[in-house]
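Heads up: the structure comes next, in structure tokens.
The values are calculated or read from the model by the stated rules, or taken from the named source; none is laboratory data. A quick note: this is a predicted structure, and the numbers were derived from the prediction, not measured. Because the Cβ atoms are built from the backbone with ideal geometry, glycine has one as well, and the counts that use them run over all protein chains shown. Ligands, DNA and RNA are stripped out before the accessible areas are found, and what is left, the full protein with its side chains, is counted by its heavy atoms. Shrake-Rupley method; radii C 1.70, N 1.55, O 1.52, S 1.80 Å.
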Amino acid sequence: AQKITQTQPGMFVQEKEAVTLDCTYDTSDPSYGLFWYKQPSSGEMIFLIYQGSYDQQNATEGRYSLNFQKARKSANLVISASQLGDSAMYFCAMREGMDSNYQLIWGAGTKLIIKP
Amino acid sequence: DTAVSQTPKYLVTQMGNDKSIKCEQNLGHDTMYWYKQDSKKFLKIMFSYNNKELIINETVPNRFSPKSPDKAHLNLHINSLELGDSAVYFCASSPWTGPDETQYFGPGTRLLVL
């Protein structure tokens, strides 16, 4: 079974609009971490934001915020006021606890294209 | 200063050859990783080392052998390269292994096997 699901293979969004990239996860581990990474066309993997399973508040980093709904097991990435430079692949990932050696489990990614 | 560096950035080689990819991190991290990203952009963990000790060894062909001379370096050696080995290989590091430890990635090595 998929542990990380990103249901949107691709998205087109108008510049300056807000974007929500979906991510749902599946774990029975009470302690886990959720991560979002950006991969522009140049290929590097850039860490964006982290949410811990015990965090009470949603994580924010500049224009990025994570809409964490624990009961629904979702960790959607919200990008406010999108820019052309936001066009990239976005990956959601989860890190579980000790039994899995803290492996990072990756979603299939969402390709975001910002239109001018 | 580059935090996680990999060399070479591009590698084009013939089937059957042996090649190595080097990775270095200057972040003082204890844990390093190798990932393979296929043509569909799917990322798969290959190996993980913590303080030079192998802790994750996923099901990869034994033609792939990681070597960690010290905790700042994790090299990947590939024997008898095959067409299916063509991919982007990423090295990453994190301070420790824990659910809240962020992994920082190198720029990737684009391997093309002809």
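Brief remarks follow.
- Summed side-chain charge close to residue B:57 - residues other than residue B:57 whose Cβ falls under 15 Å, Lys, Arg +1, Asp, Glu -1: +3
- Ratio of the Cα radius of gyration of the range A:1-65 to 2.2 N^0.38 Å, where N counts its residues: 1.27
- Counted by Cβ distance under 12 Å from residue A:45, the other residues give a net charge of +1, where Lys and Arg count +1 and Asp and Glu count -1.
- One compactness figure for the range A:6-116 is 1.05, namely its Cα radius of gyration divided by 2.2 N^0.38 Å.
- Taking amide hydrogens as placed 1.01 Å from N in the peptide plane, the amide H of residue B:55 sits under 5 Å from those of B:48, B:49, B:50, each at least 5 positions away in sequence or on another chain.
- Ellipsoid semi-axes in whole angstrom, largest first, where each is sqrt(5λ) of the Cα gyration tensor of the range B:52-110: 22, 14, 11
- Inter-centroid distance (Cα atoms) of the range B:66-101 relative to the range B:1-46, Å: 5
- GNM flexibility winner over chain B from B:64, B:42, B:90 (Cα, springs under 10 Å): B:42
- Volume of the Cα convex hull of the protein assembly as shown, divided per residue and given in Å³: 129
- Of the cross-linked pairs B:19/B:41; A:3/B:52; A:111/B:52; B:9/B:71; A:73/B:71; A:115/B:44, those separated by over 27 Å at the C-alpha level are A:3/B:52; A:111/B:52; A:73/B:71; A:115/B:44.
- Viscosity 1.306 mPa s, 10 °C: Kirkwood-radius Stokes-Einstein D of chain B over Cα pairs, µm²/s: 113
- Think of the protein assembly as shown as having a plus end and a minus end, set by charges on the Cβ of Lys, Arg, Asp and Glu; of B:47, B:76, A:42, A:42 sits farthest toward the positive end of this dipole.
- The 3J(HN,Hα) values that the Karplus relation (6.51, -1.76, 1.60; θ = phi - 60°) gives for the range B:5-19 are, in residue order, 10, 10, 9, x, 7, 10, 9, 10, 8, 8, 3, x, 6, 10, 9 Hz. Gly and Pro appear as x.
- Solvent exposure of residue A:50, expressed as accessible area, is near 60 Å², computed with a probe of 1.4 Å over the protein chains only.
- Minimum 10 Å² accessible area buried by the other protein chains, the range A:35-75 residues, probe 1.4 Å, relative to alone: A:35, A:37, A:39, A:42, A:43, A:44, A:45, A:47, A:50
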